[in-house]
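Inspection log for the structure reproduced underneath, given as structure tokens.
Only the coordinates and a few stated rules stand behind these numbers; no lab work does. Bear in mind that the values here come from a model prediction, so they are computed numbers and not experimental data. Here Cβ is always computed from backbone atoms with ideal geometry, including for glycine, and neighbour counts include all displayed protein chains.
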């Protein structure tokens with residue numbers, strides 16, 4: 001009996017040691033949540049509705065890891081830090097809040113929000129990293145490709161690429177993060193302004209077309225599926 005009890009205790013101890021080696025120590029994480037300045041306008045809400053699709057991004061840009069490139073072609077992650085969500089969801093949320101707040105419009109939402117959507121804003125996150133570029137401090141690079149799609153005809157009505165860069169004063173993450181926030185804020189503001197103008201121009205062309213005045217918002221078929 002004692003031999004069985006001793007063997008059992010040894011087995012439990014070995015299992016505990018194995019578990020420790022597999023799990024390892026817990027990493028202390030700092031979660032960063034970038035914000036953008038939203039400037040409300042006195043303009044009336046537009047007559048059109050907009051769906052903001054979740055941006056696309058290749059791995060690892062679409063993850064919640066903060067990326068640094070010590071040299072061209074080499075990607076690494078800042079240790080112990082994360083974005084508050086996947087970078088694509090962070091970008092989608094900032095675009096939504098900027099577009100909703102700028103014109104105090106409720107006609108802007110995610111694909112699952114239930115709005116019909118006359119247009120779909122589709123974006124591709126191409127760059128979202130800090131690059132050293134043979135320097136002692138990094139430069140944050142944000143590049144986003146955009147497409148505005150007519151949700152009735154599935155036609156791309158406008159496309160443009162936006163880029164923003166911010167040099168960092170030092171390599172400390174506490175200094176690098178504000179550069180990420182500033183570059184992202186600039187790009188988001190430019191995208192929101194461009195989207196409003198492009199959608200308004202397309203809407204004017206749509207309602208002024210022959211026969212369109214009967215029902216400018218009635219479209220054939222199902223709404224286009226965001227990418």
- Message: Treating segment 48-207 as a set of equal point scatterers at the Cα positions, no solvent, please give the Debye-formula log₁₀ I(q)/I(0) at q = 0.08, 0.09, 0.14, 0.19 Å⁻¹.
- Response: -0.25, -0.32, -0.70, -1.12
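So how much slack lies between residue 170 and residue 115, counting 0.36 nm per residue of separation and subtracting their Cα-Cα distance, in nm?
Details: separation 55, 0.36 × 55 = 19.80 nm, distance 4.46 nm.
Full extension from residue 170 to residue 115 adds 15.3 nm.
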- Give the Rg (one decimal place) followed by the Dmax (whole number) of segment 76-141, computed from C-alpha coordinates and expressed in Å. 16.2, 50
- FRET efficiency for residue 82 and residue 56, using Cβ-Cβ distance with R0 set to 22 Å, rounded to 0.05: 0.60
- Message: Contact order normalised by length for segment 48-207, with contacts defined as Cα pairs under 8 Å and 6 or more residues apart; what percent is it?
- Response: 23
- Task: Using 0.36 nm per residue of separation minus the Cα-Cα distance, give me the extension gain between residue 35 and residue 71 in nm, one decimal.
- Result: 10.1 nm
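Provide 118, 93 in ascending order of the number of other Cβ atoms located within 10 Å of each residue's Cβ, fewest first. Please list the in-between numbers first.
Numbers: 118 23, 93 18.
Sorted ascending by nearby Cβ count, the order is 93, 118.
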- Message: Please give the Cα centre distance for segment 102-153 versus segment 164-192, rounded to the nearest Å.
- Response: 15
- Query: Once label points are set 7 Å from the Cα along Cα→Cβ at both residue 193 and residue 28, what is their separation, rounded to one decimal in nm?
  - Reply: 4.2
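Return 191, 156 ranked ascending by Cβ neighbour count within 10 Å, so the fewest neighbours appear first. Write out the running numbers ahead of the final one.
Working: 191 22, 156 12.
Sorted ascending by nearby Cβ count, the order is 156, 191.
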- Message: Testing the spin-label approximation: label points 7 Å from Cα along Cα→Cβ at residue 134 and residue 163. State their distance in nm.
- Response: 1.8
